[in-house]
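Undergrad: Here it is: the structure, laid out below.
A short reminder: the numbers here are calculations on the coordinates, not readings from a lab. Quick caveat, the model's predicted, so the values are computed rather than measured. Every residue, glycine as well, gets a Cβ built from its backbone with ideal geometry; the counts of neighbours run over all protein chains shown.
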Amino acid sequence: MEAASAPRASGGDSAGLQRLFAGAEQPEPLLAAFADGMATLPGELGDMGLRLQSALRSGDWVSYGRAMRQLIDKYIRTIELDTPDGQPDSLRLRELLRHTLGVTVASLLQNMPELKEAPVQLAADLRQWHPGQPLQPLETRLRELTHQIGVRSDSWQEQQELLLSLFDLLLENISELLDDSSWLHGQLHAVRALIGGPLDRDSVEQARANLREVIYKQGLLKQGIVESKAAMRGLMGEFIEQLDGMATHTSDYHDRISSYALALKEARSIADLNQLLQDVLRDTGKVQEQALQARDHLGNARREVEQAEARIAELELELSDMSGQIRTDPLTGALNRRGFDELLEREIARAARHAHPLAVALLDLDDFHQTNSEHGHPGGDAVLRHLVAVCQLLLRNADVVSRIGGDEFVIVMPETPAADSMSTLLRLQRSLAQRPLQLDEQRVPVHFSAGVTQWQAGDSAETVLKRADAALYAAKRVGKNRVQAG
């Protein structure tokens, strides 16, 4: 088919273009004009135009269409549309990558001299890149940088784990050197629990604030103990001095009585005897008065010493109880109620800040009173410890178990959706069933009922707990060893 003669239109001949598109119902003139226009271009585009002209003259529309597809694939599809801010997407991505490398990555590598300059230089070279230029050199350097960071991140993780294990061993050795009644056990346990779990800024800051508060109160309490002991030493010293003075007076009295005995033998008249009797009575009265004063002072001193001892005992008890403020339960090693309250508030704040899911499960041991009746309180304590031990064995490092009542526990599971929290509790129940507790040569099954809920935006800690508690009661109504979502 012979192509029709197509009118030619220059770039500025608008009348020619209007005449050309007026016959759009006949496509051959349009295709001929397009081929002729392409043939006038230099280089590869001009060669593409010659191929289009050849296909048009021979009526080979298949070849014409193939050449058009090649043109579209190679040139048209690579043309980037400008975004509303006037910048192509490739340049925007370039700027984002450059900022990530030059600012974020570079700041993270400040302590690594061998790597810290690489992201800065790569970001500077990215600034010179423009669409159409080869990316292979930049891609190779970026891949090498990420590989080096990955290799060193493993080393950083190993170093951190070694340092934490060394610190934990040091704390364990210190704990072994302390007597069982030392109030330092609570602090050591709190720090060991902290380094044993996931370290994040909020947890470390909270632990540091708690320890600072405890250290301050301990300083006040110890100062009170020192002052009480000093006052007691002063009382004892004063009493000893008075006893020494009393002994001196008593010795003088005996000497004077001996002299009175000699004077009695030499007395010649009633008047001499009368005077001698008055002297004896006077000296005896003085000694008796001193003895009564010493007795009264001894009684007062004894009462003051007893008060000082009671005050010291009270301060030492308060100092010992201070470990309870470190947020751990001394029986099971789980968090106590104070520790749980602080943890839940912190996790709720984190979930709200990052829009992460947060699951809270309330657990209640089944038949716990029966276990106490059959095996006594030591058996009940063993059950509580067994539950916490299995929880700590099975749960993630980020999950935390707390004891908030006699046989009531709460498990806080950060970044855990509802389905995962339910499966975690069911897995915990199966694990307990596979690990019965040995008590008095008997295998005692340990199982629990639980209510689990998800924190929702706007929920307070009290709201979450109430919902979990309602779910727990629903599980109890259904039967034992059940988990109910709420």
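Undergrad: So which GluC sites (Glu not before Pro) in region 406-486 end up in coil per DSSP with only 14 or fewer other C-beta atoms within 10 Å?
TA: Those satisfying the criteria are Glu441.
Undergrad: For Glu95 paired with Lys466, estimate the spin-label separation in nm (one decimal), with each label point 7 Å from Cα along the Cα-to-Cβ line.
TA: Here the answer is 5.0 nm between the modelled labels.
Undergrad: Compute the Rg to Rh ratio over region 429-486 from the alpha carbon atoms, using the Kirkwood formula for Rh, and round to two decimal places.
TA: 1.16
Undergrad: Treat each spin label as a single point 7 Å out from the Cα along the C-beta direction, and report the Leu135 to Glu441 distance in nm.
TA: Spacing of the two 7 Å Cα→Cβ label points: 7.5 nm.
Undergrad: Please give the contour-minus-distance gain from Val151 to Gln278: 0.36 nm per residue of separation, less the Cα-Cα distance, rounded to one decimal in nm.
TA: This chain segment gains 35.2 nm when fully extended.
Undergrad: Tell me the label-point distance for the pair Glu309, Tyr473, using the 7 Å Cα-to-Cβ offset, in nm and rounded to one decimal.
TA: Those two pseudo-labels are separated by 5.1 nm.
Undergrad: Between Glu114 and Asn300, what's the calculated FRET efficiency when r is the beta-carbon distance and R0 is 60 Å? Round to 0.05.
TA: Given R0 = 60 Å and the Cβ-Cβ separation, E is 0.20.
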